[in-house]
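This report refers to the structure that appears directly beneath it.
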Amino acid sequence: MKRYTRYSGKIIAAVLVLATAVQQPVYAAEYSDARDVRYEQGSTELLTAGVGELFAAAPLTEAEYMQIAKEAEGALWGYTHLGICNVDENNLNIRKDPNEEGKLVGKLPKNAACEIVSSEDGWAYITSGKVEGYVKEDYLLTGYEAKKKGEELASAIAVSKTDGLNIREEPSTEAEVVTQVANGESLEIAEIYNNGWIKVFLDDEEVYISEDYVDVKSDLDTAITMTELLYGQGVSDVRVDLCQYAKQFLGNPYVWGGTSLTNGADCSGFVLSVFKKYGVSLPHSSRAQANMGASISASELKPGDLVFYAKGGSINHVAIYIGGGQVIHASSPKTGIKISSYNYRTPYKMVRVLYD
């Protein structure tokens, strides 16, 4: 087993002794806080400026040294051993055990990041977001390749640090509060103003938040927690089947006005097309869909029910509840079809259109 050890984001990678009849040159590498890698030949000591701790020192071959140095360059964005999901489409399954039959505990979307904890027999044990488990090692970029890819993918986000972050129509405390976002939820930043306001994307719309109530950072996408619905365990078969069907299209594109589950759909188009397979006819509008079926409370939510969200009291978004406090929805052109906490923004209405 290859095991990786994390030391507060600081890696010392290397003492390389190349034995010769005349001399033993030593190579040293220092990596600190994911920003600086330096090498020095002809020294018998590790460069330790700004690090303060010596974690490892071992004779290595030159090839091993260069590999470690490349891996050290992969440490960014709070990851010590960064892995980037490298799949052609859709998502990489995260399993509880390192085999194809292991229970599904999450999905690592294409280009999402993870911390590689260890690897053995073709499986990597990872942590990503709130998920930990095993993925096939062949589908991860690591080291220098992961760092390069991460630099291309990283986006600026604002993370709510308060319960009920106000989302406003305009950058002013006098502007209308159109909805609220839960503590810990992330919003992609469109623009940061010098007056204390930030323009962010909320699903497919641009809105405003005060920078006083968020942490701003550069980040990479992470894994999606999956609550596996099982047949015969309190949820009807048709509801389990509908939710599993909807999750097949995770990561597919968002297209305004679209209804294609593969080529692109907007929020109501996604819902319309999923439910069509189960004999439920719905209009192509979140506002109109909210008037179908029967209104229910949060305590009555079952997988397969619909959750609606509003902007300024007017419904403008819809998602499918899939259990475990999560919804699946066509969110925005950037994220496509994704899974979120059902209260990632304040739910406005909940409706049951599937009767079983």
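Just so you know, all these numbers are worked out from the coordinates, no wet-lab data involved. Fair warning: this is a prediction, and the values are worked out from it, not measured in the lab. Every residue, glycine as well, gets a Cβ built from its backbone with ideal geometry; the counts of neighbours run over all protein chains shown.
Pairs of Lys residues in segment 148-245, spaced 8 or more positions apart or belonging to different chains, with C-alpha separations under 21 angstrom: 5 in total.
Is segment 129-242 rounded, prolate or oblate when judged by the Cα gyration tensor, a ≥ b ≥ c being the square roots of its eigenvalues, rounded requiring a/c under 1.5 and prolate requiring a/b larger than b/c? It is oblate, given that a/c is not under 1.5 and a/b is not larger than b/c. Computed over segment 179-299, the Cα gyration tensor eigenvalues convert (square root of 5λ each) into semi-axes of 32, 18, 16 Å, ordered from largest to smallest.
Applying a threshold of 29 Å to the alpha-carbon distances of Lys96/Lys302; Lys107/Lys334; Lys247/Lys311; Lys136/Lys277; Lys103/Lys349 flags Lys136/Lys277; Lys103/Lys349 as lying beyond it. Per-residue Cβ neighbour counts within 10 Å put Glu115, Glu176 in the sequence Glu176, Glu115, beginning with the fewest. Close amide H partners of Ile94, meaning residues 5 or more places away or on another chain with modelled amide H under 5 Å apart, are Val105, Gly106, Lys107, Leu108. Between Lys349 and Lys277, the simple label model (points 7 Å from Cα in the Cβ direction) yields a spacing of 2.6 nm.
Fewest Cβ neighbours within 10 Å first, please rank Leu104, Leu250, Leu242 accordingly.
Numbers: Leu104 14, Leu250 17, Leu242 23.
Result, fewest neighbours first: Leu104, Leu250, Leu242.
Overall form of segment 155-219: rounded. Here a/c, set by the Cα gyration tensor axes a ≥ b ≥ c, is under 1.5.
Arranged by the count of other C-beta atoms within 10 angstrom, fewest first, what order do Arg239, Arg287, Arg95 take?
Working: Arg239 21, Arg287 15, Arg95 18.
By the 10 Å Cβ count, ascending: Arg287, Arg95, Arg239.
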